[in-house]
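The values are calculated or read from the model by the stated rules, or taken from the named source; none is laboratory data. Everything quoted here is computed from the prediction, not taken from an experiment. Cβ coordinates were reconstructed from backbone atoms using ideal geometry, including for glycine residues, and neighbour counts include every protein chain displayed. Only protein heavy atoms, including side chains, enter the accessible area calculation; ligands, DNA and RNA are left aside. Shrake-Rupley method; radii C 1.70, N 1.55, O 1.52, S 1.80 Å.
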Amino acid sequence: MTEPASAVGEGSKGGGASLGNVAGESSGAGPPADTDSPHASAVLEARDLVKRYGEREALRGVSLSASRGELVAVIGPNGAGKTTLLSILAGIQKPDEGSVSRAPAEIGWVPQQAAVYSKLTVAENLQLFARLEKVDDPRATVERMLELTDLRDRAGDQIGELSGGNRQRVNIAIGLLGEQPVLLLDEPSAALDPRQRERVWEFVLSLAQAGTTVIYSTHNIQEAERHAQRVLVLADGELIFTGSPGELEIAVERGEGDAPSRRSGEEAGPLVSSPDFESAFVAYLRQRGH
Amino acid sequence: MRWLLLKDLRILRRSPLLVGLLVLYPVVIATLIGFALSRGPDKPQVAFANLVPESATEIELGGETIDVTRQAGPLFRAIDPVRVDTREEAIAKVEDGEVLGALVIPEDTTRKLQTGLEPAEIEVFYNADDPVKSSYVRDTIKAQVQDANSALTKRLAKAAVEYLDLIGTGGQFEIFGRELDVLGLERAEQILREAAVELPPRSDAREEVERVIAFARLARDNLDLSDEVLSSVGSPISVKQTQLDGGATPLSSFAVAIAVTVSLMFITLLLAAGALALEREENAFLRLVRGLVSRTGLLLEKAGLAAVCSTAVCLLMLAALGLFVDLRWERFPLWVAGVTAGALAFAAMGLAVGALTKEVRAASLLCVMLSLPLTFLALVPSGSVSPFLFDVVRVVSAVFPFKPTLDALDAALNDTGGIAGPLLHLLALFVAFGTASRLALRRFAG
């Protein structure tokens, strides 16, 4: 497999496809991706995913691929299909059409709301799921996770006594227990205060640096720009853009006209992070009928 | 599955208030229901005015002395008598609401009974403030007076038979302290036969005497039948009781079966539904069924947890009740079979409820809302509603585990019939509700 880290935009419809990069066109803007390394081959691929709820199509032919250690953000407004996409990748839901290259057991999944038992301690939660995952050495794995999450001091505390941020770290740690090469995070920083959010992202970035492919959904554009190497934009179940944060900024600027102008050679990041960009992004979505 | 079970037990251990309520609430409710059903109404207070002078409480019937006041013994076992001295006092107590009724035995009661010329009349006054109790008082007094009537009638009939016997066969009879020799029909016939022989054949006098002899024989023969006739007058209708259905369960033992069934229902339903709903409330359900445990495995684990816990509690409850009620310990294996089968069926029903709900509170509320009407439906006695409605009640009761569990426990505790039928019924309900919960989990829990 020689396909570099990228999403496959052939499922994009309704005018968005022209703005989305196709395989091999990723510019590499934003945080450095591992696209040129020997590990650049896709560790996860999804093809032509379609999901219908009655007559409503929640996903319309979405395809993507991700390589080792890559951080991929899935963004879009509420109801765009982000959670549906991640649920299908995680094996929680079955697509009506399309396929995913990996079995659910090979993919770690962290739901949006912490899926932990509030009456059990941090260590007991980790131990329970480690045993259910049938890891070789549950005790050692739990120790490692406590180390990784920096929660050793809170190991004996019941989850119900933890802050939202720490609870989310345990939630993510449980998703990592199986040591799968791919980790799916559904809005991992939702409902967290800025400080807690920062701690969660530090943790997630360290996982990616260690080689785990992380695909996360968010409706926070700044969060996508800041942490992702690649961004997928979903709207009404359609994949309307795929590319680096910088490429998204250019697309939005071109598509909207009202987006803030930028001099040649200027860094993309600060512009994407600005409130003006959010407005431009919304206008960009509207222009495409979403 | 073992780890999930340990996890659930650990969560229960850390929720002492919840567990306490889960066990205590149904046990208290069940015990109250059981003993409310096993006891009749409290003895109603009834004012009792016996105006018969102490010197005139006895009557003579057929040479036998009867103390009329002793006839009130059975009545006093059914009511709580408040003795008063006058009729007015008795009525005042009823009017003041101090007692529910009053029974007045007039002064001339024994005299009327002795002469037999007119019936003795007793007076009963009611207070209808409490319809249930006043009805109970009315019925109790009426029944007891009926019994007394019957007893006196029997004695009167017996005396009458003795008089008739005297007329038939003759003999000694004592009246007003004097001994009389009564000739009797038998001896009269014999005397007449002897006299007839002395008369000339075919004479008018002999024919007249022969007619009297024939009458005496006829009268004596018919008097021989009077015993049976008079005894049937004493009890024209007798009651022969035959039990057609159900066992001979003492009320207290049946109350135990009800109490245990109610406890089993509440504990198992709440535990099974709550444990399953908790997985969704904690958002762990999808994480678990992503490959860590199958949905069916999860349901079996919750059913096992609920059934084991509730079976243990109910067997302990039975052991405790055995200290107060006479239970047949040699049938203990059948108790275990009945309780376990009921627990499994209730657990499956609880899982179906838990699969429909996302929160423990909602699951608990739904369980209570379902279980209470089902309990009352299962206890509706035949004949209290129309036949069609009773058939509907029976069908509804058969679709839920309460009635078959009660039948199984009644059979196990009181040997009221075969236990195999209720056990198979419960097994079928376990499978049916288990399937329903599996489908509900697929439909409602992603």
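Scanning the stretch B:33-57 for residues that are exposed (fewer than 14 other Cβ atoms within 10 Å of the Cβ) and modelled with pLDDT of 75 or more yields B:P53, B:E54, B:S55. If you go through the stretch A:118-141 and pick out every residue that is within 13 Å of another protein chain (Cβ to nearest Cβ) and part of a helix (DSSP H, G or I), you end up with 11.
Checked against (1) among the hydroxyl-bearing types (S, T, Y); (2) modelled with pLDDT under 90; (3) open to solvent by 20 Å² or more (accessible area, probe 1.4 Å), B:T435 passes all but condition (2).
Give the residue that is surrounded by the most Cβ atoms within 10 Å (Cβ to Cβ), with candidates limited to residues of the stretch A:170-203 that are assigned to a helix (DSSP H, G or I) and aliphatic (A, V, I, L, M). This residue is A:I174. Evaluated against (1) of a type outside the set (K, R); (2) open to solvent by 10 Å² or more (accessible area, probe 1.4 Å); (3) at pLDDT below 90, A:Q127 falls short on exactly one condition, (3).
Considering only residues that are within 24 Å of the chain's Cα centre (by Cα) and either at positive phi or at pLDDT 90 or above (or both), look in the stretch A:130-152 and name the one that is surrounded by the most Cβ atoms within 10 Å (Cβ to Cβ). For the stretch A:130-152, the residue satisfying everything is A:A130.
Of the residues making up the stretch B:333-349, those that are over 26 Å from the mean Cα position of the chain (by Cα) and either under 21 Å from B:G20 (Cβ atoms) or open to solvent by 40 Å² or more (accessible area, probe 1.4 Å) (or both) are B:P333, B:V336, B:T340, B:A343, B:L344, B:F346, B:A347.
Taken over the stretch A:208-223, the criterion of being at pLDDT 85 or above and either hydrophobic (A, V, I, L, M, F, W, C) or under 18 Å from A:D150 (Cα atoms) (or both) is satisfied by A:A208, A:Q209, A:A210, A:V214, A:I215.
Pull out all pairs, ordered by first then second residue, where Cβ-Cβ is under 9 Å, the residues are six or more apart or on different chains, the first lies in the stretch B:1-19 and is facing chain A (nearest Cβ under 7 Å), and the second is among the charged types (D, E, K, R) and assigned to a helix (DSSP H, G or I). As it stands, the answer is B:W3/A:R131; B:K7/A:E124; B:R10/A:E124, since those pairs meet every condition given.
Flag not set for B:E330, criterion: at negative phi and modelled with pLDDT of 90 or more.
Of all residues in the stretch A:61-117, those satisfying the criterion of being of a type outside the set (G, A, S), assigned to a strand (DSSP E or B), within 16 Å of the chain's Cα centre (by Cα) and away from chain B (no Cβ under 14 Å) are A:V62, A:L64, A:L71, A:V72, A:V74, A:I75. One residue stands out in the stretch B:248-261 among those that are in contact with a Ser or Thr (Cβ under 6 Å, 6 or more places away or on another chain) and open to solvent by less than 30 Å² (accessible area, probe 1.4 Å): the one that is modelled with the lowest pLDDT, namely B:A255. Can you name every residue in the stretch B:289-298 that is open to solvent by less than 50 Å² (accessible area, probe 1.4 Å) and either at pLDDT 95 or above or facing chain A (nearest Cβ under 7 Å) (or both)? Of everything in the stretch B:289-298, those that are open to solvent by less than 50 Å² (accessible area, probe 1.4 Å) and either at pLDDT 95 or above or facing chain A (nearest Cβ under 7 Å) (or both) turn out to be B:R290, B:L292, B:V293. Residues in the stretch B:355-362 include at least one that is among the hydroxyl-bearing types (S, T, Y), in a loop (DSSP other than H, G, I, E, B), surrounded by 15 or more Cβ atoms within 10 Å (Cβ to Cβ) and in contact (Cβ under 8 Å) with a residue 24 or more places away in the chain.
Every residue in the stretch A:155-169 that is part of a helix (DSSP H, G or I), at pLDDT 90 or above and in contact with a helix residue (DSSP H, G or I) (Cβ under 8 Å, 6 or more places away or on another chain), please. Result: A:I159, single match.
Rundown of residues vs (1) over 18 Å from A:Q113 (Cβ atoms); (2) open to solvent by less than 10 Å² (accessible area, probe 1.4 Å), yes/no style:
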{"residue": "A:R154", "(1), (2)": "yes, no"}
{"residue": "A:S163", "(1), (2)": "no, no"}
{"residue": "A:L205", "(1), (2)": "yes, no"}
{"residue": "A:Y216", "(1), (2)": "no, yes"}
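Residues that are surrounded by fewer than 20 Cβ atoms within 10 Å (Cβ to Cβ) and either more than 7 Å from chain A (Cβ to nearest Cβ) or at positive phi (or both) within the stretch B:276-287 comprise B:E281, B:N283, listed in sequence order.
Each row is one residue, and each column tells you yes or no for (1) modelled with pLDDT under 95; (2) among the hydrophobic types (A, V, I, L, M, F, W, C); (3) under 23 Å from B:A408 (Cα atoms).
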residue: B:L344; (1), (2), (3): no, yes, yes
residue: B:A355; (1), (2), (3): yes, yes, no
residue: B:E359; (1), (2), (3): yes, no, no
residue: B:L365; (1), (2), (3): yes, yes, no
residue: B:M369; (1), (2), (3): yes, yes, no
residue: B:L379; (1), (2), (3): yes, yes, yes
residue: B:S382; (1), (2), (3): yes, no, yes
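Within the stretch B:126-145, none of the residues are surrounded by 15 or more Cβ atoms within 10 Å (Cβ to Cβ), of a type in the set (G, A, S) and part of a loop (DSSP other than H, G, I, E, B).
Checking each residue in the stretch B:400-446 for being farther than 20 Å from B:A273 by Cβ, touching a Phe, Trp or Tyr at 6+ places or on another chain (Cβ under 9 Å) and among the small types (G, A, S) picks out only B:A412.
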